[in-house]
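No lab work stands behind these numbers, since they all come straight from the coordinates. It should be emphasised that the depicted structure is a prediction, and the values quoted were computed from it without experimental measurement. Every residue, glycine as well, gets a Cβ built from its backbone with ideal geometry; the counts of neighbours run over all protein chains shown.
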Amino acid sequence: MKKIKFSGFGRRQVTLVSLVILIAVAGYINLTHKEEEAVPASGDIEIQESLPENSPAPSADDYFSVSRLERDKARSAAMEVHKEIIDSNESSAKAKEEAQKELAAYAKAMETEAALEGLIKAKGFEEALVYIAGQNANVVVKTIGLTPSQAAQIKDLVIQNAKIGADKIKIIEIN
């Protein structure tokens, strides 16, 4: 069997890019095959905002769906920029190395966010959304009246799984 050489790419970079692509495909499949819950497009949200006052406001479920979709879109756009830097012949070796580090950080953040959202839901919350940026974490939970013990549980999960300090975690309630 003939070995394939990737000029400029090592085995780790190819593996990382493959994993990022698989995560994106899994997210796309998850969004397109959810029959019971329709995710409104961003254009639909703008139309809803301009409706008369007597029309119903978007629900918290819409907030979580739209926010999750927007977070993934923004991260995908940023990842594309980093991929272009890596693929560009004009980029310096240092720029390519930084772009690869950023891609790895995005992949790790995506994995950690998904894991934390699942763990928070397992603690009894109906819905959760986690944003990780560097050493900061924002957690949005659907609840009516977050108790101090629930907030402590959420902070403990973030501290254990994301290795982020308690002072860098912000919890936001939506009901």
Treating only Lys and Arg (+1) and Asp and Glu (-1) as charged, each at its beta carbon, one finds that the stretch 71-129 has a dipole about its Cα centre, in Debye to the nearest 20, of 160 debye
Once phi for every residue in the stretch 149-154 is put through the Karplus expression 6.51 cos²θ - 1.76 cosθ + 1.60 (θ = phi - 60°), the whole-Hz ³J(HN,Hα) values, with Gly and Pro written as x, are 5, 5, 4, 5, 4, 5
Residue span Ser76 to Glu126: 0.36 nm per residue of separation minus Cα-Cα distance leaves a gain in nm of 15.3 nm
Going residue by residue through the stretch 99-105, the Karplus relation 6.51 cos²θ - 1.76 cosθ + 1.60 with θ = phi - 60° gives ³J(HN,Hα) values, rounded to whole Hz and with x marking Gly or Pro, of 5, 5, 5, 5, 4, 5, 5
Between Ser67 and Glu98, the two model label points (7 Å from Cα along the beta-carbon direction) sit apart by a distance in nm of 3.1 nm
With Ile164 itself left out, Lys, Arg at +1 and Asp, Glu at -1 over residues whose Cβ is under 11 Å from its Cβ give +3
Glu111 and Ala151 label points (each 7 Å along its Cα→Cβ direction) are spaced in nm at 3.2 nm
Env charge @ Ile120, Cβ radius under 13 Å, K,R +1 / D,E -1, value -2
Env charge @ Ile132, Cβ radius under 9 Å, K,R +1 / D,E -1, value 0
Given backbone amide H placed at 1.01 Å from N, residues whose amide H is under 5 Å from that of Ile171, ignoring those fewer than 5 places away on the same chain, are Val139
Links exceeding 24 Å between C-alpha atoms in this model, out of Lys123/Lys170; Lys83/Lys108; Lys121/Lys155; Lys121/Lys163; Lys94/Lys155, come to Lys94/Lys155
